[in-house]
Structures are given as C-alpha cells and as structure tokens.
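Data block below; observations after.
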Amino acid sequence: MRELVRFGVSIDKGLSDKFDALIKKKGYSNRSEAIRDLIREYLVKKEWEGEDEVVGAITLIYDHHRREILDKLTDIQHSFIHLIVSSQHVHLDHHNCLEIVAVKGLPKSVCDLADKLKAVKGVKHSTLSMSTTGKQIV
Ligand code: NI
C-alpha cells in the first residue's frame, strides 16, 4: 500500500474560493483529488520537457480530396514508423476525414512528427494530446 502524505497550503481567500468553485463545477468531491490531478498534470507537462519516453495522440482533420494530401501524410508517418503505435481513420463526411495517430517515443521526436503532419497543406486542424506512459506518476 502506498504511503499518504498530508500537507497544509496557505493561499489567499479569493484564490481558494475560485478554486473551490471551479473544482465543484468539475465534479471533484474534495480539494485533495483536484490537487492530485493538478500535480499529475504538471508532472506530465514536465515529462514532455525531458528525455524519457512519452505517449500521446495526434489528431488530424483534412479534406481527402486535396491533391496529394493522403500521400504526404502517409509518407511522413512511414518515416516516423518507430513512433507510431496505431492509427485510425474516420470518414466524417463526403470531404472530411479524421485521423487519430497514437504515438510513443521521445518528446522531441513526437513533437517533430506532430509538427510535420500539421504543416501539410490541406490539414484543417491538428492537435497533439500530450500524455504519459504512466510509469513516472502514481
Ligand atoms: Ni476518410
């Protein structure tokens, strides 16, 4: 069983009230769980500034009728094959496609892949969801 640590935090009343209102809205039952999530979020953010393996998901929205876009996106993904765990293609409507690419690798390389995919002409929107392998946080 993991050891629990208790600590007190002194903050401005106004800030505390705002935090309480926000976590209530988000559905947290108490401050501890909200603070644990904030700490995890911060640690994951720091992981992406480090040199250890991270996990994420790249989403791409594009019109598949755009000239050569599929070839370009495929070429880039093949040149980063060591980072790609899986990908899913969803036909949203007659024109638009959603592609979700699950990635795992060094932060700098994953960001490089995401940047290259985003920069392809015809990509309407792209995001990189920065997550964690889960090994460095509890
Ligand atoms: Ni499609």
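What do you reckon, is residue 45 of a type in the set (D, E, K, R), out of contact with any helix residue (DSSP H, G or I) (no Cβ under 8 Å at 6 or more places or on another chain), more than 16 Å from the ligand (Cβ to nearest atom) and in contact (Cβ under 8 Å) with a residue 60 or more places away in the chain?
Spelling it out, residue 45 is indeed of a type in the set (D, E, K, R), out of contact with any helix residue (DSSP H, G or I) (no Cβ under 8 Å at 6 or more places or on another chain), more than 16 Å from the ligand (Cβ to nearest atom) and in contact (Cβ under 8 Å) with a residue 60 or more places away in the chain.
Within the range 95-104, does at least one residue satisfy the condition of being away from the ligand (no atom under 14 Å from the Cβ), exposed (fewer than 15 other Cβ atoms within 10 Å of the Cβ) and not assigned by TED's automatic domain parsing to the domain that holds residue 36?
no
Can you confirm whether residue 116 is within 15 Å of the chain's Cα centre (by Cα), basic (Lys, Arg) and surrounded by 11 or more Cβ atoms within 10 Å (Cβ to Cβ)?
no
Scan the range 71-94 for residues that are of a type outside the set (Val, Ile, Thr), within 14 Å of the ligand (Cβ to nearest atom) and closer than 17 Å to residue 59 by Cβ and jot them down.
73, 87, 88, 89, 91, 92, 93
Determine the pairs where a residue that is in a strand (DSSP E or B), located within the range 91-114, has a partner that is within 12 Å of the ligand (Cβ to nearest atom) and among the β-branched types (Val, Ile, Thr) with Cβ atoms under 6 Å apart, the partner being 6 or more residues away or on another chain.
Within 6 Å, the pairs are 98/61; 98/90.
So is residue 33 in contact with a helix residue (DSSP H, G or I) (Cβ under 9 Å, 6 or more places away or on another chain), of a type outside the set (Ser, Thr, Tyr) and free of Cβ contacts under 8 Å to residues at least 24 places away in the same chain or not?
Criteria met by residue 33.
The values are calculated or read from the model by the stated rules, or taken from the named source; none is laboratory data. Keep in mind the model is a prediction, meaning the values are calculated, not measured. All Cβ positions, glycine included, derive from the backbone under ideal geometry; neighbour counts span all protein chains shown.
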